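Written out below as structure tokens is the structure these notes cover.
The values are calculated or read from the model by the stated rules, or taken from the named source; none is laboratory data. For clarity, every value in this text was computed on a predicted model and none was experimentally measured. Cβ sites come from the backbone with ideal geometry, for glycine too, and all protein chains shown count toward neighbours.
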Amino acid sequence: MNYKSFFPMPGINAGMLTLEDLERITDLARRYEVPMVKITGAQRLYFQGLSPEKLAEVKEELQLLDSLPHTRNRVHYVQACPGKNWCSSATSETERMEKAINKMELDGPLPYKVKVGISGCTRCCCESWMRDIGLTAEKKGWRLSFGGNAAGNPRIGDLIAKGLSDDEAIELVRKTLNYYLKTAEFKTRSARYVERYGIDDLKKAVLGE
């Protein structure tokens, strides 16, 4: 029987895999006879097609909790390009930014899932303008946008600030998300939030204008 089950592997962030990650994934896939291992467009890795029994067993082994993204004080996922350490086009390093935002603890649960895109240059390989939080590296620093969406009702995010250092960008992401979670209604994605309320009040609050 072809089961339509799936779940993301924990700890696989921005598509960055170590040799140990690959070995563990291979071991799990063999032991649980995973029908399909899928790399998604969000740079995550999914196990698909497991029976309910095997799905429960592998989740127990990995100590996964069945909690929704908007019940945690963290972003849903972070997507990032290789950055200047690995790409000749990139002007900034992305791995530090990805780790900082993935580990970021916010003031409370987010209204709904928040997707982050980090691009190491203006070619914007991670489609940062189309993410809830977008960071794009320019020659003079990071450009931060908010309220993007690539779903059925797509939207380009609004510019919050540019010319930011790494630390300034990380802190501004924190302020932006904390303002959003305190002012948005439950289950309101950032794109719909900005369409409803505009971006001016958010910018004034997070930039201290």
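Per-structure values
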{"item": "Filter result for the condition that a residue is in contact (Cβ under 8 Å) with a residue 12 or more places away in the chain and among the acidic types (Asp, Glu), over ASP132, ASP167", "result": "ASP132"}
{"item": "Filter result for the condition that a residue is of a type outside the set (Ser, Thr, Tyr), within 15 Å of GLU93 (Cβ to Cβ) and in the same structural domain as GLU105 (by TED's automatic domain parsing), over LEU172, LEU135, LEU159", "result": "LEU135"}
{"item": "In the stretch 2-38, the residues that are within 28 Å of CYS125 (Cα to Cα) and of a type in the set (A, V, I, L, M)", "result": "MET9, ILE12, ALA14, MET16, LEU17, LEU19, LEU22, ILE25, MET36, VAL37"}
{"item": "Check on ARG96, under 14 Å from GLY117 (Cα atoms), in contact with a strand residue (DSSP E or B) (Cβ under 6 Å, 6 or more places away or on another chain) and of a type in the set (D, E, K, R)", "result": "no"}
{"item": "Count of the stretch 29-55 residues which are under 24 Å from LYS113 (Cβ atoms) and in a helix (DSSP H, G or I)", "result": "1"}
{"item": "Positions within the stretch 134-151 being buried (at least 20 other Cβ atoms within 10 Å of the Cβ) and not in a loop (DSSP other than H, G, I, E, B), in sequence order", "result": "GLY134, LEU135, THR136, ALA137, TRP142, ARG143, LEU144, SER145, PHE146, ASN149"}
{"item": "Selection count where residues are under 16 Å from ARG44 (Cα atoms), in a loop (DSSP other than H, G, I, E, B) and modelled with pLDDT under 85, scope the stretch 1-16", "result": "8"}
{"item": "Contacts under 6 angstrom Cβ, first residue in the stretch 178-203 being touching a residue at least 24 places away in the same chain (Cβ under 8 Å) and on the phi < 0 side of the Ramachandran plot, partner hydroxyl-bearing (Ser, Thr, Tyr) and part of a loop (DSSP other than H, G, I, E, B), 6 or more apart", "result": "ARG189/TYR112"}
{"item": "Test: residue in the stretch 183-191 that is over 14 Å from GLY134 (Cα atoms), surrounded by 14 or more Cβ atoms within 10 Å (Cβ to Cβ) and among the aromatic types (Phe, Trp, Tyr)", "result": "no"}
{"item": "Any hit, the stretch 152-174, residues being at pLDDT 95 or above, assigned to a loop (DSSP other than H, G, I, E, B) and in contact with a Ser or Thr (Cβ under 7 Å, 6 or more places away or on another chain)", "result": "yes"}
{"item": "Residue within the stretch 21-40 that is among the hydroxyl-bearing types (Ser, Thr, Tyr), surrounded by fewer than 18 Cβ atoms within 10 Å (Cβ to Cβ) and in the same structural domain as LEU159 (by TED's automatic domain parsing) present", "result": "no"}
